[in-house]
Amino acid sequence: MSNEKIGSEDVLKQPEETQEQVNTETPKAETEEKPKFIKQEKTDKPYWYVVYTYSGYENKVMDNLLKTVENHNLHDTIIDVKVPMEESVEIKNGKKRHVTRKLFPGYVMVKMFLTDESWYVVRNTRGVTGFVGPSSKPIPLSDAEVRSMGIENVRINLDVEVGNNVIVTSGPLESFVGVVEEVNTERQKVRVMVSMFGRDTSVELDFVQVKRI
C-alpha cells in the first residue's frame, strides 16, 4: 500500500464536486448504478480513512454504515465510524448554552482494514460520494493526524530527546524553534524552551505539535 499520508488541512478541502454542487445535490436513489468496483490491496492493520458525504448527511451515513456492519457481521473489518464533534459554550441574551458542532462538515471518519469488501461497503453507503485520495486508492490518516484532529487519542512515538532542537508545527507558536527540556511519554507532552520577545520561555506542547530538526 502507498506510504503517502495526508495532512489535516487536506481533509478540509472539498471533493471534486464544487461546494455549491454538494449543498444542492440530493443523494442518489438506491436504484441508481453503484460506483464501479475497484480491487484494493489489503492493509496489514486498520487505518482511519476520510469519507466525503453530502452536506447534512454525515450522521445518516454513520448510522447506515454501522447498521451494515452489524447486519453483515463486519466488525472485524470495519472497526469504527465517527463524525468528530466539538462542544462550545455560547452566551446569548445573558444565558449560557452548550452547542455541539461537527468539526469537519461533509466528512465521516472510518477505521477499517482496507479490503475489496470494506471499500465496496463504504463507497456504496447511501450519501457517500467518495474517499479522500484517488478513487482507486484511499489514503489513510497518520497517527499524528488522527490525534491532532480529535478522532482518536492514539499514542505517538516522538523521536526527540532532551537537548534536541525542534520546530513547533501547529498552534499559537507555529514556526517557533526551541530546545527540548523534558519529554513526558506517558502524557504525550514535551516541554520546550523557546525565545519569545527576546526572552527564553518554557512552554508545554503536545507531541503532535513539534518536529525534530
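In table form, for the structure just shown:
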read-out	value
Odd one out for Ile139, checked against (1) touching a Lys or Arg at 6+ places or on another chain (Cβ under 9 Å); (2) open to solvent by less than 60 Å² (accessible area, probe 1.4 Å); (3) outside the structural domain of Met85 (by the TED database); (4) not charged (D, E, K, R)	(3)
Tally of residues being surrounded by 15 or more Cβ atoms within 10 Å (Cβ to Cβ) and aliphatic (A, V, I, L, M) across segment 69-102	6
Scan of segment 146-180 for residues that are open to solvent by less than 30 Å² (accessible area, probe 1.4 Å) and either touching a strand residue (DSSP E or B) at 6+ places or on another chain (Cβ under 7 Å) or over 16 Å from Pro46 (Cα atoms) (or both), ordered by number	Val146, Met149, Ile151, Ile156, Val160, Asn164, Val166, Val168, Leu173, Gly178, Val180
Looking only at segment 154-191, and only at residues there that are among the small types (Gly, Ala, Ser) and more than 29 Å from Val81 (Cβ to Cβ), the one that is nearest to the chain's Cα centre (by Cα)	Ser175
Selection status of Pro172, at negative phi and in the same structural domain as Leu66 (by the TED database)	no
Strands (runs of 3 or more DSSP E) completely within segment 163-213 that count 1 or more residues being of a type in the set (Ser, Thr, Tyr)	189-196, 199-206
Where a residue in segment 199-213 is without any contact (Cβ under 8 Å) to a residue 40 or more places away in the chain and in the same structural domain as Pro172 (by the TED database) and its partner, wherever it lies, is acidic (Asp, Glu) and open to solvent by 30 Å² or more (accessible area, probe 1.4 Å), with Cβ under 7 Å and at least six apart	Ser202/Glu181
Set Asp143, Asp206: member being among the acidic types (Asp, Glu) and farther than 30 Å from Glu70 by Cβ	Asp206
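The values are calculated or read from the model by the stated rules, or taken from the named source; none is laboratory data. None of the values given here were measured: they were computed from a predicted structure. Virtual Cβ from ideal backbone geometry, glycine too; neighbours counted across all protein chains shown. Accessible surface is based on the protein model in full, side chains and every heavy atom, while ligands, DNA and RNA are left aside. Shrake-Rupley method; radii C 1.70, N 1.55, O 1.52, S 1.80 Å.
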